[in-house]
1. Counting Lys and Arg as +1 and Asp and Glu as -1, what is the net charge of the other residues whose Cβ lies under 15 Å from the Cβ of residue 104?
2. Evaluate the charge dipole of region 94-197 about its Cα centre and quote only its size in Debye, nearest 20, assuming +1 on the Cβ of each Lys and Arg and -1 on the Cβ of each Asp and Glu.
3. Along the Cα→Cβ direction, 7 angstrom out, place labels at residue 125 and residue 97. What is the inter-label distance in nm?
4. Tell me the label-point distance for the pair residue 151, residue 14, using the 7 Å Cα-to-Cβ offset, in nm and rounded to one decimal.
5. In nm, to one decimal, how far is the modelled label at residue 48 from the one at residue 134, with both set 7 Å along Cα→Cβ?
6. What percent do you get for the relative contact order of region 6-207 when only Cα pairs under 8 Å and 6+ apart count?
7. Could you tell me the ratio Rg/Rh of the chain? Both radii from Cα atoms, Rh via Kirkwood.
8. Considering the options 61, 23, 192, tell which one lies farthest towards the positive end of the dipole of the chain, charges being +1 on Lys and Arg and -1 on Asp and Glu at the Cβ, about the Cα centre.
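Any read-out appearing in this document is the output of simple, stated calculations on the displayed coordinates, not a laboratory observation. Source: prediction; values computed, not measured. Quick reminder, even Gly has a Cβ in these numbers, built from the backbone with ideal geometry, and neighbours come from all protein chains shown.
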Amino acid sequence: MVYTDSLGEAWRAEILRGVPKISNTGAVPGTVLVWGDSARPILNSAAHGKPVLIAAAEVGHGRIVILAHESLLKSAPELIRNIKTWLMKGDQRNIYVLDHKSKHSNIKPGDVMVWKGAKSTGDVTKEVVINHLLSGGGLLHAMCPWGWLQLNKGKNLSDMPLYGALDLVGICYTKWCGTIPKDGLDIKSHRSTESITLCSLVSYIGKC
């Protein structure tokens, strides 16, 4: 039986609207697990078991989208426009890209923060991000988790910048790889359902 719910379907409709396919950029994506009450899987990988590539969540008055590879930011222009619109709830807001020079004093209420692999986020701590989200801000968190582990020997995924915000909403990266076919990932056949969440969790537990 395929299980889904109205919240997840509404989010997928908004985020995937007008996106026929995700291009293969040559990069091998990672995967994420989704277990939070207000978190939903959006798009699956073509890998065995259909692990999740993109997930979204609400926390307080804010929203988060997680991409299992930063290359997905360049894979489909419509997808990125939709993600920005969803995070901004249809309003016009500022985009603030986080890096080692970031200062929390520069982040305005409602801004959408973007983290795409910078080793540091300056003085923008997970506590700053969580409070920002609770008050209505947004976060786009994009990273290849298995690649991050290779570049950060001796560290765990939980050491990744702003990981605490992901943990709060019930989404985490895994060390496993996803797949995007050479001719691209067809959205219609890889659109997530809530059933995927349970299957992914069971599969992941089996690999632990």
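1. Cβ neighbours under 15 Å give a net charge of 0.
2. With only Lys, Arg, Asp and Glu charged at Cβ, the dipole is about 280 debye.
3. 2.7 nm
4. Distance between label points: 3.0 nm.
5. Rounded to a tenth, the inter-label distance reads 4.3 nm.
6. 35 percent
7. Checking Rg against Rh, the ratio lands at 0.94.
8. After comparing all options, I get 23.
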